[in-house]
Structures are given as C-alpha cells and as structure tokens.
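Undergrad: Let me begin by handing over the structure; questions about it come next.
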C-alpha cells in the first residue's frame, strides 16, 4: 500500500480566538517496505499527523490517499482501507482489557468480522512475531505481564489486523533498556517478515539512526526535512534550531574532530563510530 | 469527539467583585438567600429578592445566557408544577372552558412557585459560576470544621471532593485516548442496538478503571511521600481571609434578610 498525504491542514479550536494550526500544508508519501522515522520537538504535530493517517482525525484541508483512494470517504472501500492502516498509540498497554492475552489480541480481527479459527491463527502469528510464545502467555491475564511484555501484546493486537501500514507512536517510551531493545528488534522483525510500511515516531536519535530508512522532521506543524538518515542528520544547525540533536555517536565524533582528531564526523551509529575510531587509531 | 462537549465544573472566569468574595461569604450568602425565598409569600417580596439577585448577576459580569442555562434540566419540572397548581387550586374562577377552570388563587400560586424555583436555581448557579470548584471545597472545609468536634471528618470529605474534581479532566483525557486506541482496533461505539452498544463499552471501561486505580495509587503514594496528613493542625498555602468586600456583602445580606422578615410580618 502507498499512502499519500496531500497539503494537509489541521486546526485546533477553529474559529475561536485561540485557534492553532497543528498541521500546515503537510505533504508526504509512504511506500511499501519502508521503515520511516518521524521526529520533532514536543508539540510539533507528530501525533496529530499520524492520527490523520487512519482517519481518527479528519483534515480541515487536504487529503490522505491510500492507493489513490481518499480514506475519509464514506464508502465501504475507504473503510476497508482505513483498517489496513494500523496505529499503535503511545503507551498502548493502557488499551488492554480482556481476561487473557489471547482474547485481547483477537479483539481487532474479531471486529473485522473474521471467524474464530482465522482470529486464532492471526493472534498466534502476531504474538510470535512480537517474540511472545502464545502457548506460554496466551492464557495469562494481560495485567499480569511486565510493562515491556504488555506493550508487545498491544502491538500484536494491531498486527493481528494484518495492517499494510503500521504506525507506532513512541513505542519505546518509558521502557527499561532491555524492554526497549526487545521492542526495536521486534519492529525490525516485523519489517523483515511482512515487508509492510512502518512509520515510527521517536525521540531517541540513536534508535532512529540505527533503524530508519528515511527520516521525516516536523517543526511547528510543518514537515521541514525528509530524506535518508545521513542526509537529515547532516543538517546539524537546522536540527539544533528546532530543538533536536544528532545521534550521540555523531555528536561525539564531531567533538573529537573539533578537538583536532583526524576522524570523520560523518557517522550515525555507535557501530560506525567504533569502526571509524579503529580505522584511524587502531593501526598505531 | 463528543466526549469533549461535556462541560463539568461550570466555573466562568472573570475578575468581578463577586468572584473576589471569600467562598465562605458566597456559600452562606447563597444559603441565606435560598431560605429567604421560602419566607417570601408575595410578588412585592419577590421583587426585592429578584432585585438583589439581578444586582449580583450584573456585578458578577457573567453573561445572563450562562446563568439561564441552569434552567434547562429543570424547565420540565417547573412547567409541570405550574400546571398542577394552576388547575388544582380551588377559589374564585376567572376563566373556564370544557372541564378546566382557572382560579385567581391558582394563577397567583403557580406564578409565585415558578418565580421561587427560578430564583433558587439562578442563585445556586451564580455560586458555582463565580467560585472556583477548589475554593468552593476550601470554603466548605472551613465552614464544616466546627463539626469535627463531634467526630465529623470534615477535612477528609472536602479533600475527597477536591481530588474528585481535580481528576475529572484527567479522566476525560484518558477516556478520549482509550476510545481512539480501541477505534483504531476496529471498535465501534456509535452504532448497533442498545445491548451491542452496552457491550462495546467494555473495551473502554476496563482500561479506564485500570487507569483510574493506577492514578489513585500514584496519588496516594505521592501524598504519603510528602507526609500528608489532613485535619488537625494543617495550615494552608492560601489562607482564606475576609476582606472589606466581604464586610459589605455581609451588611447587604443582613439588610436584605431584615427587609424580608419585616415584609413578611407586615403581610406584604
């Protein structure tokens, strides 16, 4: 599935004295098989934008097209398309409600009108995909799991609906390093397994540098940068002006270079940085 | 989403004289006014009460429409009691058709009743419109504190009210969030039969309860960590003080009450 956002505007409190543009002329496309990261300062409109992508919010101006069809139309076709766009909210573990993990993951497919067997199959597949063993946790209460596990169950609940586009709003927020790592590797796994488009909102530049194919940067409701991580993170000054920073590894190498070290600051991840340091200093 | 349209705690912010009065003055004043309305038995008497209320409304700078909104839920009751009194009161007939007879006494009584109800509702609306919910509970706390001597947990009760009011917006946000999250999973809250719709509330209510308990546990922990213990010997960040404004209000109230009693005695 290909998503096109065309000249999207969203205004909060339209017509009142304190109306604010949450989104201003946002245009972008998302393609199958891409892992795109959306970054931006708090209040830059990231969450508002992703809520438009599956029709939870309606644009005040502009369109959201999925495979060329406006998803905000009233037709059954548009409704079916909206279901193909899965949105995982911030702290999704607070949406769990069923008695067992298995039933909770089945909630989405059941709402799509699938049969018991199909639901069960999808639930089992999705649980495995997020690294949970359906036989082990399936009959447990979702409230008995740890924070990171709950979150993976919540993500499985969306995956069970077979989305062609998966949007995750800060999936690693508030988790311990182990839980964070598990979530990120699970996201990478989903991308490899299903070859769907994944859009990820993140505040952690280190994670973004490591997993993104493409980076989108939002500032004050507008999409200001759009390109591969190397390109976007090279715009240090522009990012700093928006209250964002390059990944820590890049900043470290920049400091070494500024201090006269003969290294290239053109790295993004810790691995790259280590390689660069070994290249320059390792031989001596 | 529809959930945002529900307004709770109808405080209308303004810098008026009425807003600046001590909450205790406003609570007692409203109570006295309400009692006085039951002492009044004539149109002249109600004219005095209405004049005082009108003065308060003008001073409070609250648009009249806001105050009149309080009538909406009770307009039905007012109409029913008016009709009952109009039709059921025996006396001197002034008009009659078919089996219905309207008497002078009936007309008078139903009008007095309607005025009384409207005045009651307006006066209580002004109290909540012109007083922040928090200062309202503070005022109640202070007014109820003498009852502590007989074992009434005044501070604890008002503290519970304060916390409940404080968390209404938080829980509204939470509801909105969960509703969106479940909608994204294909939940449908708007269509279907009553049974289906009641059932569709489960995915909303369970996470909401879980959240509410989590928030409550966090709050209890935070209060304990700050060594909170209510009641005896606790001081306030913003102690309530009566100002000159309150003195003037008390004098006006006393004059008004005296006028009402005198008028009642004189049979006006």
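Undergrad: Quick check: is even one residue across segment A:269-279 within 30 Å of residue A:26 (Cα to Cα) and either surrounded by fewer than 19 Cβ atoms within 10 Å (Cβ to Cβ) or at pLDDT 85 or above (or both)? Break it down stepwise before answering.
TA: So in segment A:269-279, the residues within 30 Å of residue A:26 (Cα to Cα) come out as A:269.
Imposing the further condition that a residue be either surrounded by fewer than 19 Cβ atoms within 10 Å (Cβ to Cβ) or at pLDDT 85 or above (or both) reduces the set to A:269.
Yes, segment A:269-279 contains at least one residue that is within 30 Å of residue A:26 (Cα to Cα) and either surrounded by fewer than 19 Cβ atoms within 10 Å (Cβ to Cβ) or at pLDDT 85 or above (or both).
Undergrad: Test residue B:213 against the stated conditions and say whether it is surrounded by fewer than 17 Cβ atoms within 10 Å (Cβ to Cβ) and more than 13 Å from every other protein chain (Cβ to nearest Cβ). It would help to see each step written out before you state the result.
TA: Numbers: surrounded by fewer than 17 Cβ atoms within 10 Å (Cβ to Cβ): yes; more than 13 Å from every other protein chain (Cβ to nearest Cβ): no.
It is false that residue B:213 is surrounded by fewer than 17 Cβ atoms within 10 Å (Cβ to Cβ) and more than 13 Å from every other protein chain (Cβ to nearest Cβ).
Undergrad: In segment A:111-142, which residues are at pLDDT 90 or above, within 14 Å of chain B (Cβ to nearest Cβ) and under 25 Å from residue B:209 (Cβ atoms)?
TA: Result: A:123, A:141, A:142.
Undergrad: Continuing with the same structure: Take the residues of segment A:72-88 that are in contact with a helix residue (DSSP H, G or I) (Cβ under 8 Å, 6 or more places away or on another chain) and within 13 Å of chain B (Cβ to nearest Cβ): which is farthest from residue A:2 (Cα to Cα)? Explain how you work it out, then say what you get.
TA: The initial filter retains those residues of segment A:72-88 that are in contact with a helix residue (DSSP H, G or I) (Cβ under 8 Å, 6 or more places away or on another chain), namely A:72, A:85-88.
Within this subset, residues satisfying the condition of being within 13 Å of chain B (Cβ to nearest Cβ) are A:85-88.
Numbers: A:85: 11, A:86: 14, A:87: 16, A:88: 19 Å.
The residue in question is A:88.
Undergrad: Is it the case that segment B:161-169 has a residue that's at pLDDT 85 or above, in a helix (DSSP H, G or I), in contact with a helix residue (DSSP H, G or I) (Cβ under 7 Å, 6 or more places away or on another chain) and buried (at least 17 other Cβ atoms within 10 Å of the Cβ)?
TA: no
Undergrad: Please enumerate the residues belonging to segment A:42-55 that are more than 14 Å from every other protein chain (Cβ to nearest Cβ), crowded, with 16+ Cβ neighbours inside 10 Å and assigned to a loop (DSSP other than H, G, I, E, B).
TA: Scanning segment A:42-55 gives A:44, A:45.
Undergrad: Follow-up. Collect the residues in segment B:170-194 that are assigned to a helix (DSSP H, G or I), more than 14 Å from chain A (Cβ to nearest Cβ) and without any contact (Cβ under 8 Å) to a residue 60 or more places away in the chain, keeping them in residue-number order.
TA: The first filter runs over segment B:170-194 and keeps only residues assigned to a helix (DSSP H, G or I), leaving B:170-184, B:194.
So of that shortlist, the ones also more than 14 Å from chain A (Cβ to nearest Cβ) come out as B:172, B:194.
Hit for segment B:170-194 is B:194, nothing else.
Undergrad: Would you point out the residue of segment A:1-40, among those that are part of a loop (DSSP other than H, G, I, E, B) and within 30 Å of residue A:189 (Cβ to Cβ), that is modelled with the lowest pLDDT?
TA: The initial filter retains those residues of segment A:1-40 that are part of a loop (DSSP other than H, G, I, E, B), namely A:1-2, A:13-19, A:31-34.
When the remaining residues are screened for being within 30 Å of residue A:189 (Cβ to Cβ), the result is A:1-2, A:31-34.
Numbers: A:1: 84, A:2: 89, A:31: 90, A:32: 89, A:33: 89, A:34: 91.
Per the criteria, the residue is A:1.
Undergrad: Where in segment B:3-88 are the helices (runs of 4 or more DSSP H), entirely inside, with at least 3 residues that are surrounded by 13 or more Cβ atoms within 10 Å (Cβ to Cβ) and modelled with pLDDT of 85 or more?
TA: Values: elements: B:17-20, B:23-39, B:43-60, B:64-68, B:75-88.
Correct list: B:23-39, B:43-60, B:75-88.
Undergrad: Considering (1) more than 26 Å from residue A:65 (Cα to Cα); (2) in contact (Cβ under 8 Å) with a residue 12 or more places away in the chain; (3) crowded, with 17+ Cβ neighbours inside 10 Å, say which one residue A:202 fails and leave the rest.
TA: (1)
Undergrad: A further question follows. In this structure, does residue B:130 turn out to be surrounded by 18 or more Cβ atoms within 10 Å (Cβ to Cβ), on the phi < 0 side of the Ramachandran plot, within 14 Å of chain A (Cβ to nearest Cβ) and modelled with pLDDT under 90? Walk me through how you get there before you give the answer.
TA: Details: surrounded by 18 or more Cβ atoms within 10 Å (Cβ to Cβ): yes; on the phi < 0 side of the Ramachandran plot: yes; within 14 Å of chain A (Cβ to nearest Cβ): no; modelled with pLDDT under 90: yes.
In short, no.
Undergrad: All but one of (1) within 26 Å of residue A:79 (Cα to Cα); (2) within 11 Å of another protein chain (Cβ to nearest Cβ); (3) loosely packed, with under 12 Cβ neighbours inside 10 Å hold for residue B:201; which doesn't?
TA: Among (1) within 26 Å of residue A:79 (Cα to Cα); (2) within 11 Å of another protein chain (Cβ to nearest Cβ); (3) loosely packed, with under 12 Cβ neighbours inside 10 Å, residue B:201 violates only (3).
Undergrad: Can you name the condition, by its number, that residue A:147 falls short on among (1) crowded, with 18+ Cβ neighbours inside 10 Å; (2) within 14 Å of chain B (Cβ to nearest Cβ)?
TA: Condition not satisfied by residue A:147: (1).
Undergrad: May I pose another question? Considering each of B:197, B:226 in turn, give the residue that is within 30 Å of residue A:107 (Cα to Cα) and free of Cβ contacts under 8 Å to residues at least 12 places away in the same chain. Outline the logic, then answer.
TA: Details: B:226 fails: within 30 Å of residue A:107 (Cα to Cα).
Exactly one of B:197, B:226 is within 30 Å of residue A:107 (Cα to Cα) and free of Cβ contacts under 8 Å to residues at least 12 places away in the same chain, namely B:197.
Undergrad: Right, something else. Name the residues in segment A:89-101 that are more than 9 Å from chain B (Cβ to nearest Cβ) and surrounded by fewer than 21 Cβ atoms within 10 Å (Cβ to Cβ), would you?
TA: Once the filter is applied, which keeps residues that are more than 9 Å from chain B (Cβ to nearest Cβ) and surrounded by fewer than 21 Cβ atoms within 10 Å (Cβ to Cβ), segment A:89-101 yields A:99, A:100.
Undergrad: What are the residues in segment B:235-268 that are more than 27 Å from the chain's Cα centre (by Cα) and loosely packed, with under 10 Cβ neighbours inside 10 Å, if any?
TA: Going residue by residue through segment B:235-268, those that are more than 27 Å from the chain's Cα centre (by Cα) are B:235, B:262-268.
Hits for segment B:235-268 are B:235, B:265, B:266, B:267.
The values are calculated or read from the model by the stated rules, or taken from the named source; none is laboratory data. Source: prediction; values computed, not measured. Backbone-built Cβ (ideal geometry, glycine too); neighbour counts: all protein chains shown.
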